[in-house]
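Here's the structure we're looking at; comments come further down.
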Amino acid sequence: MKVAGLGFRRDAGVASLRDALDAAGGSDGLAAIATVSDKADAAALRDLARELGVAGPEHSRRDPG
């Protein structure tokens, strides 16, 4: 399974993330996109995952309680 881990600034756009992915080898065979949990809800990342037809980052915040 091929997973792309992307680090980016919160205001990055889809084109910027796509360029980074292309520079890292492209999306052929890609199954999912991952990032740190505090950016997992970024619109550009969700949009890129949808565009590529791969799993996007999903996370849950656990109550330490």
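In Å², and per residue, what accessible area does the chain have when probed at 1.4 Å with the other protein chains present?
Computed with neighbouring chains in place, this is 68 Å² per residue.
Students often get this wrong, so try it: which of (1) 21, 14, 10; (2) 25, 17, 10; (3) 42, 14, 8 is semi-axes √(5λ) of the Cα gyration tensor in Å as calculated from the structure shown?
It is the value labelled (1).
Take ASP11 and ARG46, extend 7 Å from each Cα along the Cα→Cβ direction, and tell me the distance between the two endpoints in nm.
It works out to 2.1 nm between the two label points.
Quick one: angle between helix 43-52 and the longest Cα principal axis of the chain, in degrees between 0 and 90, rounded to 10, please.
The angle comes out near 50 degrees.
Each label point is 7 Å from the Cα along the Cα-to-Cβ direction; what then is the distance between the points at SER37 and ALA20, in nm?
2.0 nm
The values are calculated or read from the model by the stated rules, or taken from the named source; none is laboratory data. From a predicted model like this one, the values you see are computed outputs, not experimental measurements. FYI the Cβ positions are ideal-geometry reconstructions off the backbone, even for glycines, and counts take in every protein chain you see. For accessibility, only protein heavy atoms count, side chains too; no ligands or nucleic acids. Shrake-Rupley method; radii C 1.70, N 1.55, O 1.52, S 1.80 Å.
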